[in-house]
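Quick notes on the structure that follows.
Only the coordinates and a few stated rules stand behind these numbers; no lab work does. No experiment lies behind these values; they were computed from the predicted model shown. Cβ coordinates were reconstructed from backbone atoms using ideal geometry, including for glycine residues, and neighbour counts include every protein chain displayed.
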Amino acid sequence: MKKTKIIALILSAMLAVSAMTACSGSGENNGEKTEKTEASDTVSDNASDGDDTQDADSSLVGKYTMTSYIKDGEPVDLTDNNAKGVYSTIEIKDDFTGEFDLFGIKSDVTVDGENITLAGSQSTYTLSGDSLTVVNGATVMVFKRGEGAAVVAADSQPTVDSTDSQPAVESSVPAETSAAPTESSASSDADSSVSVTKGEWQNIEWEDYTDPNGLFTAVIPKGWKVTSSDGQADGKVAGLLVTIQSQDEKQGAQVFDYTTISSSIMTEPTVESLVNALYSTSTELEILDVSTPDYMQQIKDANPDTVLDAKVVHMNYTKNGIEYECNFLGFVNKSLISGTYSATTMWAGFAPRGQYENWVEIITKIQSSIKYTDKYTSRYSSSSGTSGGTTGGTTGGTVTGGGSSYDMTDAMMDSWNARNKSEDIMSQKQSDATLGYERVYDTETGDIYRADSGFMEEYDKLDGQRYAAATDDMYTEGYSGYISMD
């Protein structure tokens, strides 16, 4: 078995322990509420009381990088992975808490005397010089003090410290298993039958765009189309709506600086009500997550008499038979016009459901690049009081919400990263199943791909070794492209 395949098995095994912490900010996993074990409750209580951590070795404090691993008697040398910048680390702070980062899957660490708890699972540890050995049953992890490639040693095959209480783990491993066996011909046949295509979001070329009416400029993906609706020119109490989207209109970004909406349509002064009003022609609108990033909260707090609500909404909806996923940012303000609410600084990014993660960085780059020209800025300023809002406007010709567009970009990304990932996983998996897809990953590169349902079943029949079914947490990472059997 290849070392990379072994690493995949290790990761899958560890995820069984760490999934609760890594995948759910709300304490829920796959729709079921998770409960702490008695052991984790005890560790938590001890950490908060501070009664027992005094026995821990203070020299343990620091950051360590995993150099080798034994799982059920099978050794793994992580030198190649570390050299490529793929690390698993433990950081232990002065208060004997910290973080365990297992190849990007993060969980809490607590040290209590001779015990160390990773992701809710208690282990023992020994520290010999700069080498930290963590033992959990038949699982042995060896770390070296330091971070990154600097810790890569010439020979980092797994060993167990002589003071370890379970030396039998090393002796149970035959020496010849340290070398990866030659790949079978069946595996070669399977892998040679696989075709991989990069996603179009990985091949974006950028170009500058200038509005023919002289109202704004932007940086857009080459070949994408730009449309705009000038509310003021049309005699409406509204500003400029800019839509930048792919030729097939399946993914794109929108920026709308301000508008007023009748209270009979937007029935409450909330961003959720604003979303329902703006997307009233869509069907199956489902709000998945709502948050107010710190920057938006600061604006709201600074303008308590005018800013009624400020949120980012993560949602799904259906339009023209296509299921979309969308992230929407907006402010709701008091209006000077009777019977209306004012909405300002509205940003929306959209992509087919299950694909937004692939496009999120491209979408936010487009949004933050949109700048109003002096021509539009002067016209906007002369009529800005009409909307009755204080957050919409321009600074230096850039679309803003009381600050720079980069602040809004950060707010959008902060909200996206803080979304309820357990709910997102279920939503993405449900969407894939409905559309006839599954996700797999390359155990050598870590790349995730979308495949037609049945790919892994066919691949496994050929005894393929390189690709494996994606784990739940991978459904929040997006994917690199598409994979199929020839």
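For residue 97 and residue 206 in the same chain, what is the full-extension length gain: residue separation times 0.36 nm, less their Cα-Cα distance, in nm? It would help to have the intermediate numbers written out before the result.
On the way: separation 109, 0.36 × 109 = 39.24 nm, distance 4.46 nm.
Extending this stretch completely gives an extra 34.8 nm.
Under the Karplus relation 6.51 cos²θ - 1.76 cosθ + 1.60, θ = phi - 60°, what is the ordered set of whole-Hz ³J(HN,Hα) values for the stretch 210-226, x standing for Gly and Pro?
10, 4, x, 8, x, 9, 7, 10, 7, 10, 10, x, 4, x, 7, 10, 10
Among 363-374, 439-450, how do they line up by average Cβ neighbours within 10 Å per residue, starting with the highest? Write down the numbers at each step before the final one.
Working: 363-374: 21.6, 439-450: 19.5.
Most protected by this proxy first, the peptides run 363-374, 439-450.
Could you give me the ³J(HN,Hα) list for the stretch 281-291, computed from phi with Karplus coefficients 6.51, -1.76, 1.60 and θ = phi - 60°, whole Hz, x at Gly and Pro?
Using θ = phi - 60°, the values come out as 7, 8, 10, 6, 5, 10, 7, 8, 7, 9, 8 Hz.
Starting from the 7 Å offset along Cα-to-Cβ, what nm value, one decimal, do you get for the label separation of residue 225 and residue 86?
Modelled inter-label distance: 4.2 nm.
At 7 Å along Cα-to-Cβ for each site, give me the label-to-label distance between residue 294 and residue 374 in nm.
Simple spin-label model gives 3.7 nm for this pair.
Report, by chain and number, residues whose modeled amide H sits under 5 Å from the one on residue 109, excluding near sequence neighbours (fewer than 5 apart, same chain).
98, 99, 100
Go ahead and run the numbers for FRET between residue 267 and residue 322, Cβ-Cβ distance against an R0 of 25 Å, rounding to 0.05. All intermediate terms of the calculation are to be shown ahead of the outcome.
Working: r = 27 Å, r/R0 = 1.10.
In this case the efficiency is close to 0.35.
Indicate the gyration tensor shape class of the stretch 271-317 (rounded, prolate or oblate), computed on the Cα atoms with a ≥ b ≥ c the square roots of the eigenvalues: a/c under 1.5 is rounded; otherwise a/b larger than b/c is prolate and the rest oblate. Each step should come with its number before you reach the end.
On the way: a/c = 4.68, a/b = 2.00, b/c = 2.34.
Oblate is the answer for the stretch 271-317, as a/c is 1.5 or above yet b/c matches or exceeds a/b.
Starting at the first residue of the stretch 358-374, write each ³J(HN,Hα) from the Karplus equation 6.51 cos²θ - 1.76 cosθ + 1.60 with θ = phi - 60°, in whole Hz, x for Gly and Pro.
Ordered by residue, 3J(HN,Hα) equals 5, 9, 4, 5, 5, 4, 5, 5, 4, 4, 6, 8, 5, 10, 6, 7, 4 Hz.
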